[in-house]
Amino acid sequence: MTELYDKYARAAERMLHFVETKTTDMASGTMRVPVADYLSEERFEAEIARIFKRLPLMLALTIELPQVNDYKAMEVMGLPVLITRGKDGKARAFLNVCKHRAMHLAREGKGNCKAFACQYHGWTYSNEGKLIGIAEASTFGEVDRSTLNMTELPCDEAAGLIFVILTPDLPINAIEWMGGMYEDFAALKLESWYFHKARTMKGANWKVAYDGYLEGYHFQAAHTNTVATRSPSNRAHYEGFGPHIRLGFPQNSITRLAELPREEWGRQENHGYDFIRMLFPNMSFFLAPEMGQLAQLFPGPKANQNTTVMNYIFPVKPETEEGLAALDQMCDFFFDVVEEEDYFLGLKVQNGLESGAMTHQTFGRNEPGNQFLHKWIAYYLDESGSTPMPVMKA
């Protein structure tokens with residue numbers, strides 16, 4: 001932990017410098033990105049096939065499935081996915097499909113059961129994916145049951161997060177995938193938090209939404225009475241870990257660090273600066289003083305659309321109804337800021353991109369996170385392997 005806090009302290013020192021000198025982390029130059037990258041259905045399908053169906057996606061928190069036999073059934077970009085926790089405590093993921101006539105097994109949502117009975121013909125599967133019962137098997141005929149188990153998806157769990165790859169048989173290692181961000185999440189101990197609720201919002205192309213998470217250049221204009229009262233515009237620190245990013249946003253109060261010993265600076269998250277932790281390609285986590293807001297970003301169903309699930313978690317569950325109601329109000333405030341300010345503007349951006357007014361967007365030197373994102377997308381889309389792996393140094 002000491003080493004991690006040392007890293008945070010160096011980031012805090014940079015952020016304080018940015019506020020004092022009215023500057024920010026910067027890329028070596030500007031970058032143009034074709035508007036077609038946000039509009040092309042062909043490009044969109046390639047992103048789904050080569051990024052969202054081949055890389056680990058954060059689909060659930062450990063605290064959503066805390067007990068043996070817990071499950072979470074969800075639709076992920078048109079695919080029915082079922083995540084379960086078996087009697088061995090292991091999280092597993094499957095396509096939520098009966099191998100008889102392709103009916104969904106578990107209804108969307110969460111619950112606790114050790115077996116799933118198909119609603120269509122009553123075939124039964126264990127929560128570890130094995131076919132354990134065929135209704136009136138004596139009349140059905142001979143079949144090799146071992147070929148009729150549920151289709152398992154690669155799944156791994158680490159630091160309170162459950163990752164799934166939507167293509168069977170690909171290797172997965174959550175800790176390796178998180179890379180340098182693993183230490184951040186492990187330190188948060190999210191597996192011991194309380195999951196309060198999730199809400200869903202609709203937005204523009206997934207990259208329009210992701211672009212908005214990656215810079216604070218818009219704070220003053222877009223969040224005049226909300227975020228900008230806490231954090232100054234156009235002051236941000238970036239650190240890349242593979243395709244993932246930790247963003248640091250100084251608060252207006254960051255000058256208070258000068259009153260503290262240098263060794264305490266790394267322990268002042270939310271008390272002078274904030275971090276946004278981004279796990280490519282679909283997760284953003286904001287840690288507030290009282291709570292965490294975890295966004296899961298899912299493209300589609302069309303190129304100009306995305307669905308974002310906002311998950312709200314808290315260190316401790318309140319013991320009273322009044323306490324739970326207070327959490328609802330807090331969650332709704334954060335949700336409304338994102339939906340009514342960020343995602344509302346994102347839909348306007350999408351309309352502007354579709355207007356034909358421009359052929360390219362330009363990301364400034366002061367938007368290195370956005371440049372980093374688009375370089376990584378290009379890297380994963382390049383089947384020739386000629387695109388170099390992007391690197392961002394602190």
Could you tell me whether Leu373 is open to solvent by 20 Å² or more (accessible area, probe 1.4 Å) and either within 28 Å of Pro232 (Cβ to Cβ) or in a strand (DSSP E or B) (or both)? no
Picking from Leu170, Leu166, which residue would you name as being surrounded by fewer than 18 Cβ atoms within 10 Å (Cβ to Cβ) and either part of a loop (DSSP other than H, G, I, E, B) or of a type outside the set (Gly, Ala, Ser) (or both)? Leu170
Exactly one of (1) within 18 Å of Met31 (Cβ to Cβ); (2) touching a helix residue (DSSP H, G or I) at 6+ places or on another chain (Cβ under 7 Å); (3) outside any helix (DSSP H, G or I) is unmet by Asn366. Its number? (2)
Of all residues in region 120-157 being in a strand (DSSP E or B) and within 30 Å of Glu176 (Cα to Cα), which is most open to solvent (accessible area, probe 1.4 Å)? Glu152
Scanning for something among the aromatic types (Phe, Trp, Tyr), surrounded by 12 or more Cβ atoms within 10 Å (Cβ to Cβ), free of Cβ contacts under 8 Å to residues at least 60 places away in the same chain and over 19 Å from Glu47 (Cα atoms), does region 335-355 turn up at least one residue? yes
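Results for (1) open to solvent by 20 Å² or more (accessible area, probe 1.4 Å); (2) out of contact with any His (no Cβ under 6 Å at 6 or more places or on another chain); (3) of a type in the set (A, V, I, L, M); (4) not in a loop (DSSP other than H, G, I, E, B), shown as yes or no for each residue.
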| site | (1), (2), (3), (4) |
| --- | --- |
| Glu20 | yes, yes, no, yes |
| Arg32 | yes, no, no, yes |
| Arg43 | yes, yes, no, yes |
| Ala49 | yes, yes, yes, yes |
| Tyr71 | yes, yes, no, yes |
| Glu75 | yes, yes, no, yes |
Enumerate the pairs (first residue in region 202-223 and within 22 Å of Leu39 (Cβ to Cβ); second residue anywhere and open to solvent by 20 Å² or more (accessible area, probe 1.4 Å) and among the hydrophobic types (A, V, I, L, M, F, W, C)) with beta-carbon separation below 6 Å, excluding pairs fewer than 6 apart on the same chain, so at least 6 apart or on different chains. Ala204/Leu347; Val208/Val349
For region 256-263, state whether one or more residues are of a type in the set (Lys, Arg) and within 30 Å of Glu20 (Cα to Cα). yes
Members of region 232-259 that are among the polar types (S, T, N, Q) and under 16 Å from Asn270 (Cα atoms): Gln251, Asn252, Ser253, Thr255
So which strands (runs of 3 or more DSSP E) are wholly in region 191-295 and hold at least 2 residues that are within 26 Å of Gly364 (Cα to Cα) and either touching a Gly at 6+ places or on another chain (Cβ under 6 Å) or open to solvent by 20 Å² or more (accessible area, probe 1.4 Å) (or both)? 237-241, 244-250, 273-279
Residue check for Ala186: assigned to a strand (DSSP E or B), closer than 17 Å to Met58 by Cα and among the small types (Gly, Ala, Ser): no
Those residues of region 175-225 which are among the hydroxyl-bearing types (Ser, Thr, Tyr), out of contact with any strand residue (DSSP E or B) (no Cβ under 6 Å at 6 or more places or on another chain) and either under 24 Å from Leu373 (Cβ atoms) or modelled with pLDDT of 95 or more (or both), in sequence order: Tyr182, Ser192, Tyr210, Tyr217
Does Ala228 meet the test of being among the aliphatic types (A, V, I, L, M) and farther than 19 Å from Gly292 by Cβ? yes
Please go through region 296-324 and give me each residue that is open to solvent by 50 Å² or more (accessible area, probe 1.4 Å), free of Cβ contacts under 8 Å to residues at least 24 places away in the same chain and of a type outside the set (S, T, N, Q), ordered by number. Glu319, Glu321, Glu322
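The values are calculated or read from the model by the stated rules, or taken from the named source; none is laboratory data. Predicted model only: the values in this text are computed from it and were never measured. Cβ sites come from the backbone with ideal geometry, for glycine too, and all protein chains shown count toward neighbours. Each accessible area value is taken on the protein alone, full model and side chains, heavy atoms only, with ligands, DNA and RNA left out. Shrake-Rupley method; radii C 1.70, N 1.55, O 1.52, S 1.80 Å.
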